[in-house]
1. Pairs please, first residue from the stretch 6-33 and more than 10 Å from PRO203 (Cα to Cα) and part of a loop (DSSP other than H, G, I, E, B), second anywhere and at pLDDT 95 or above and more than 15 Å from ligand 1 (Cβ to nearest atom), Cβ atoms under 6 Å, 6+ apart in sequence or on different chains.
2. Among GLY211, GLY265, GLY218, GLY236, which is the only one that is over 21 Å from PRO185 (Cβ atoms) and among the small types (Gly, Ala, Ser)?
3. Name the residues in the stretch 199-231 that are touching a Leu at 6+ places or on another chain (Cβ under 7 Å), more than 28 Å from VAL164 (Cα to Cα) and not small (Gly, Ala, Ser), would you?
4. Looking at GLU302, GLU279, which is the one that is away from ligand 1 (no atom under 14 Å from the Cβ), charged (D, E, K, R) and either in a helix (DSSP H, G or I) or closer than 30 Å to ALA168 by Cα (or both)?
5. Mind listing whichever residues of the stretch 282-299 are in contact with a helix residue (DSSP H, G or I) (Cβ under 8 Å, 6 or more places away or on another chain), away from ligand 1 (no atom under 11 Å from the Cβ) and free of Cβ contacts under 8 Å to residues at least 60 places away in the same chain?
6. Considering only residues that are more than 16 Å from ligand 2 (Cβ to nearest atom), part of a strand (DSSP E or B) and not aliphatic (A, V, I, L, M), which ones fall in the stretch 185-239?
7. Pick from ILE60, ILE100: which is buried (at least 18 other Cβ atoms within 10 Å of the Cβ) and under 28 Å from ILE157 (Cβ atoms)?
8. Test VAL207 against the stated conditions and say whether it is among the aliphatic types (A, V, I, L, M), within 16 Å of ligand 1 (Cβ to nearest atom), closer than 24 Å to MET243 by Cα and touching a residue at least 12 places away in the same chain (Cβ under 8 Å).
Amino acid sequence: MHIVSLAGGIGGARFLRGLKAAAPDAEITVIGNTGDDINLYGLRICPDLDTVMYTLGGGIHEEQGWGRTGETFAVKEELAAYGVEPQWFGLGDRDFATHIVRTQMLGAGYPLSAVTRALCDRWRPGVTLLPMTDDRAETHVVIDESADGSPPRRKAIHFQEWWVRLRASVPAQAIILVGADDAKPAPGVLDAIAQADVVLLPPSNPVVSIGTILQIPGIRSALEEKTVIGVSPIVGGAPVRGMADACLTAIGVETTAQAVAELYGPSLLDGWLIAEGDETNVAGIATRPRPLIMHDVESAAEIARAALELAEELR
Ligand code: GDP
Ligand code: CA
């Protein structure tokens, strides 16, 4: 069986670990979000690809959900001692090595998809991990900045500055994927979708993870031809973790399983897993309530099994 799954960071990675356990014989291709990617200290950082790679490859900091296990922060401290900005982004020493390798290979002319393949040669995540695009498409957030008393000034900042530095505390007026119109799906993305028996949307951020991937020209229309099952990241009217509600609010969507199902729409979604106690009613989308909290690999596997069963039923 060929399975394609989109993925952001933590929610996507934990779901995928369950999916691997639920479908050990399946060929799984993961299309990862690269809208969160950023250049820092001359290095190219791809947080979501790395979270998937480390989680499936056994190198993730388990409690934190991102970054390396057994991490130290000597380089970060040394950079701070030089007064180098930014100081709000946490990169550990082990993690730095990944970004150095990536930046070196990109500098030598390899596309991100080839670089990701090379990094995965070490981590052996057990899936084919593809960036959504080899082109630069970066999420920016428009905010109104008010500096002590003066009238607010509208400006666009990189998603990471809004998410990590500001903790999404300043309302986003808009969220824009800069470069989306000119981006092409990475090599292998459309082929994998064409060959897929089922497509899964894990409980990743519907705006800045899944929504970003869907904006790369050609990807959404290819997915619409397939049986697509989604897992709601919203449980009881709130994100299970993180600040996805701030992203949904920015695009005028309520933080409910219902509103996210409507956002994806019946042209994309065939089936939708929601938490027990939630309700969704969208014509053309089959909804099933299930326990949706991923406490561990087994509970994530149980969600993946439910998604595959629903796909089987609808196919
Ligand atoms: P990020 O890039 O690290 O923010 O990760 P993702 O975009 O992949 O996922 C973030 C989303 O995962 C958030 O909206 C959370 O609500 C959701 N999430 C995290 N853990 C769980 C869980 O155990 N169950 C469900 N249903 N959603 C989860
Ligand atoms: Ca992310």
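1. ALA26/MET1; ALA26/ILE3
2. Values: GLY211 fails: over 21 Å from PRO185 (Cβ atoms); GLY265 fails: over 21 Å from PRO185 (Cβ atoms); GLY218 fails: over 21 Å from PRO185 (Cβ atoms).
Residue meeting the stated conditions: GLY236.
3. Once the filter is applied, which keeps residues that are touching a Leu at 6+ places or on another chain (Cβ under 7 Å), more than 28 Å from VAL164 (Cα to Cα) and not small (Gly, Ala, Ser), the stretch 199-231 yields VAL199, ARG220, LEU223, GLU224, THR227, VAL228, ILE229.
4. GLU279
5. VAL282, ILE285, ALA286, THR287, ARG288
6. Those that are more than 16 Å from ligand 2 (Cβ to nearest atom), part of a strand (DSSP E or B) and not aliphatic (A, V, I, L, M): PRO185, GLY230.
7. On the way: ILE100 fails: buried (at least 18 other Cβ atoms within 10 Å of the Cβ).
Criteria check complete, one pass: ILE60.
8. So VAL207 fits the description; yes.
The values are calculated or read from the model by the stated rules, or taken from the named source; none is laboratory data. No experiment lies behind these values; they were computed from the predicted model shown. Here Cβ is always computed from backbone atoms with ideal geometry, including for glycine, and neighbour counts include all displayed protein chains.
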